[in-house]
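In what follows, a structure is listed as structure tokens, so that the remarks can point back to it.
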Amino acid sequence: MSKYYFISDVHLGYGPREEDRQRENRLVRLLDDIIEQGKAGALGGVFIVGDLFDSWFEFSSVIPRRHVRTIAALARIAELAPVEYIMGNHDFGHKDYFQKELSIPVHGTDIVRELNGKRIFIAHGDGKAANDTGYLVLRSVFRNPFLQSLYRMVHPDLGIRFAEWISGRSRLYTDARDVKRGARKPDGLHVFAEKVLERGDAEIVVMGHRHEAKIVTFENGIYINLGDWIRAYTYGVFDESGFRLEKAPS
């Protein structure tokens, strides 16, 4: 059986620059380990399950200048095994850079993959909560291809800075909604995952977004939330031993 990695909510670019460098250092060390497994033929693939970057908006000939080590490591992995990227609520400004330059497809929707004999539903998780109607409307605006093409007419220095501001607003919205939700359980992603499993659409559901690492076993399968790299530094691994959460090396 091959080994698959699932990484989400790293939020590169978030917080003070020195903390961000340390976060990227830990990610690059993990990606280097994945590269070695790819060289040994043990790697099945890697899934970026949204919000790798705290904000991302690319222009026709310009991308954000930071985190080139991460981009280079992902390109190296993609030479060895498939890498797929699902957009989150922070890194919505992808165009075609990852696909054309790194051979990494970027998906704006949920995906289902057959891995090691298991059907796995993979989604970032934004828009899955019951009270996310307002966000879904806003997301449709931010991801609109025509509006994004107009936005790319703005100078990149201004455009990327504004994209970072939008990212911050997205975090404020999410935090406010979570405070309103309070201690009520289960959350919307939990309920959504259970419905996917009940319908038989998949045997495993993998999401991020909630920044709450956990594995929940239902009657019809399991739901994994990958956690985050702001506090927990967790990621998912799926191989012959099953699906588990691990912590990135410090």
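Here are some notes:
- Residue count for region 14-43, restricted to those that are over 14 Å from residue 77 (Cα atoms), touching a helix residue (DSSP H, G or I) at 6+ places or on another chain (Cβ under 9 Å) and either surrounded by 23 or more Cβ atoms within 10 Å (Cβ to Cβ) or at pLDDT 95 or above (or both): 2.
- Flag for residue 2 being surrounded by fewer than 21 Cβ atoms within 10 Å (Cβ to Cβ), under 22 Å from residue 239 (Cβ atoms) and not acidic (Asp, Glu): yes
- If the condition is being hydrophobic (A, V, I, L, M, F, W, C), in contact with a His (Cβ under 8 Å, 6 or more places away or on another chain) and without any contact (Cβ under 8 Å) to a residue 40 or more places away in the chain, then region 218-244 contributes only 232.
- Restricting 106, 46 to residues that are free of Cβ contacts under 8 Å to residues at least 24 places away in the same chain and surrounded by 15 or more Cβ atoms within 10 Å (Cβ to Cβ) narrows the list to 106.
- Residues located in region 198-223, provided they are surrounded by fewer than 21 Cβ atoms within 10 Å (Cβ to Cβ) and either of a type in the set (Val, Ile, Thr) or over 17 Å from the mean Cα position of the chain (by Cα) (or both): 198, 199, 200, 201, 203, 215, 216, 217, 218, 219, 220, 222
- Looking only at region 83-116, residues that are modelled with pLDDT of 95 or more, more than 17 Å from residue 6 (Cβ to Cβ) and assigned to a loop (DSSP other than H, G, I, E, B) come to 1 in all.
- Filter result (within 16 Å of the chain's Cα centre (by Cα) and among the hydroxyl-bearing types (Ser, Thr, Tyr)) within region 86-119: 109
- The listed residue being assigned to a loop (DSSP other than H, G, I, E, B) and modelled with pLDDT under 95, out of 185, 180: 185
The values are calculated or read from the model by the stated rules, or taken from the named source; none is laboratory data. It should be emphasised that the depicted structure is a prediction, and the values quoted were computed from it without experimental measurement. Note: ideal-geometry Cβ built from the backbone for every residue, glycine included; neighbour counts use all protein chains shown.
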